[in-house]
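Scroll down for the structure; my scribbles are underneath it.
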Amino acid sequence: MSKVVKFGGSSLASAEQFKKVGDIIRADKERMYVVPSAPGKRSKDDTKVTDMLYACYALAEEGKDFAKELKAIKARYEEIIKGLKLDLSLNDEFKTIEKNFKEKAGSNYAASRGEYLNGIIMAAYLGYEFIDAATVIFFDEKGDFDAVKTNDVLSARLKKCKNAVVPGFYGALPDGTVKTFSRGGSDVTGSIVAKAAGVDVYENWTDVSGFMIADPRIIDSPESIDVITYKELRELSYMGASVLHEDAIFPVRQEGIPINIKNTNAPEDKGTWIVGSTCQKSKYVITGIAGKKGFCSINIEKDMMNSEIGFGRKVLQAFEEQGISFEHVPSGIDTMTVFVHQDEFMHKEQQVVAGLHRLANPDTIDIESDIALIAVVGRGMKSMRGTASRVFAALAHNHINIKMIDQGSSEQNIIIGVSDEDFETAIKAIYDIFVITRI
């Protein structure tokens, strides 16, 4: 079973962590290609190398002296090299970085050097071939990822080497300028390499043993998720769960390559498997709970609204004209409610209200702020009666008023709106009824 393995910043923050990673890779000869991130925090109060690079380059852009800051970055890497007892020098690399910073090569270039340098160290430590991502991952003139060219070039290159290290987070524009991914970073690179190599599994190593059913900042030691489908993951990610971004999933999803989220500090743990589809039943009816605060609802009422052709389009046009996207639009016979991000809406609310009157001519418009949206997601909900009633019962028992309910036709998710102040209590109540008491 061939594998691509990606390691996050916390997994590569120090020489000690590098050794753990080396042991993991060497323990399985099928771990053929490695995608490293830049060194993360070594402790809670530490600074990520990528943040150090951004700060250093900001000084360079302002024409200020950045020698001290660059020296501190170099020291981080030298500490790792020394700890691994490698016969390796990055002096020439740092001379090049200093020169390019002075010539204002761009913040994308600056940020990418974290992964680039860590990739060089990783390749030397493992005895693998180093492949600069700028030579195999491409963006077009508009800055969009060029999937076809990348797959062709990268596939051909990987076929020539049994083992290789490809640093994450960046690629190159047609003129050779370094360009970073806007979201997902090294996770995206890992997925791209997995697709190009045609491997059986994409292992994504981090500092947790897979995904949790709920946010551990709200639920104390929540249960982990063994298997989750791409659709479930998308729903949870969209609602704020700290999971892989869709951009990091799409390349392998196209090829049907499963992703295994693993813990560098507990490699024996099973982790979470992300798959296209599965016959495996969830341990619980739900797979996960996620949510976000800071929404507001705009409730539009108009008699006979349901018989007015194009009414919905007119309402949404008022938001579109102000560059505001909507989250959910539940409706009734004479009412239509639009949920939007409060921080996007509040500065343009009167323009939107004026637009609604001009375009849709409603009878009344009511606005309510400080609303949280919570998604209850699970493939097991399809075959289980009374899931929604259990959610409502849990919230009612905790004296939480439900402001909105929206269930998708896929029957894999239920969206509930509650007051911001009830957000944490609502998640605890839902988790309790489905996971702890399992009533």
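So the values come out like this:
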| read-out | value |
| --- | --- |
| Cβ-Cβ FRET estimate between residue 265 and residue 341, R0 fixed at 35 Å, reported to 0.05 | 0.45 |
| Cα gyration tensor, region 150-291 - rounded (a/c under 1.5), prolate or oblate | prolate |
| Gyration tensor (alpha-carbon) shape descriptor, region 150-222, a/c threshold 1.5 | oblate |
| Region 33-165: C-alpha gyration tensor shape, a/c 1.5 cut-off, then a/b vs b/c | oblate |
| Solvent-free Debye scattering, log10 I(q)/I(0), computed from the Cα coordinates of the chain at q = 0.11 Å⁻¹ | -0.97 |
| Distant-in-sequence amide H partners of residue 227 (H built 1.01 Å from N, under 5 Å) | 273 |
| Across 20/270; 64/99; 270/293, pairs whose alpha-carbon gap is larger than 23 Å | 270/293 |
| Where trypsin sites (Lys or Arg not before Pro) in DSSP loops with at most 12 other Cβ within 10 Å are excluded, longest remaining stretch of the chain | 282-381 |
| Antiparallel content of DSSP bridges confined to the chain, in %, to 5 | 65 percent |
| Förster radius 22 Å - calculated FRET efficiency between residue 393 and residue 424, Cβ distance, rounded to 0.05 | 0.75 |
| Excluding exposed DSSP-loop GluC sites (Glu not before Pro) (at most 10 other C-beta within 10 Å), longest clean stretch of the chain | 269-439 |
| Fluctuation leader among 14, 186, 389 - the chain, Gaussian network, Cα springs under 10 angstrom | 389 |
| Across 48/82; 6/48; 3/231; 44/104, pairs whose alpha-carbon gap is larger than 25 Å | 44/104 |
| Under 5 Å, built H, 5+ apart or other chain: amide partners of residue 403 | 417, 418 |
| Added length on full extension, which subtracts the Cα-Cα distance from 0.36 nm per residue, residue 217 to residue 254 | 10.0 nm |
| Gain on full stretching of the segment that runs from residue 62 to residue 177 - 0.36 nm per residue minus C-alpha separation | 39.3 nm |
| Residue 103 paired with residue 43, simple spin-label distance in nm, labels 7 Å along Cα-to-beta-carbon | 3.9 nm |
| Dimensions in Å of region 26-99 - Rg and Dmax from alpha carbons | 14.9, 48 |
| Top of 65, 247, 132 by mean-square fluctuation, Gaussian network on the chain, Cα under 10 Å | 65 |
| Kyte-Doolittle mean at least -1.0, axial Cα span of 30 Å or more - DSSP H helices of the chain | none |
| Taking all pairs of distinct alpha-carbon atoms in region 108-183, Kirkwood radius in angstrom | 12.6 Å |
| Full-extension gain in nm, residue 309 to residue 321, via 0.36 nm per residue minus C-alpha separation | 2.3 nm |
| Environment charge of residue 119, counting only residues whose C-beta is closer than 13 Å and scoring Lys/Arg +1, Asp/Glu -1 | -2 |
| FRET efficiency, residue 160 to residue 28 (Cβ-Cβ, R0 25 Å, nearest 0.05) | 0.70 |
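Taken together, the values in this text are just the output of simple stated rules run on the coordinates, not laboratory data. Quick caveat: nothing in here was measured; it's all calculated off a predicted structure. A quick note on method: Cβ atoms are made from the backbone with ideal geometry, for glycine too, and the neighbour counts reach across all protein chains shown.
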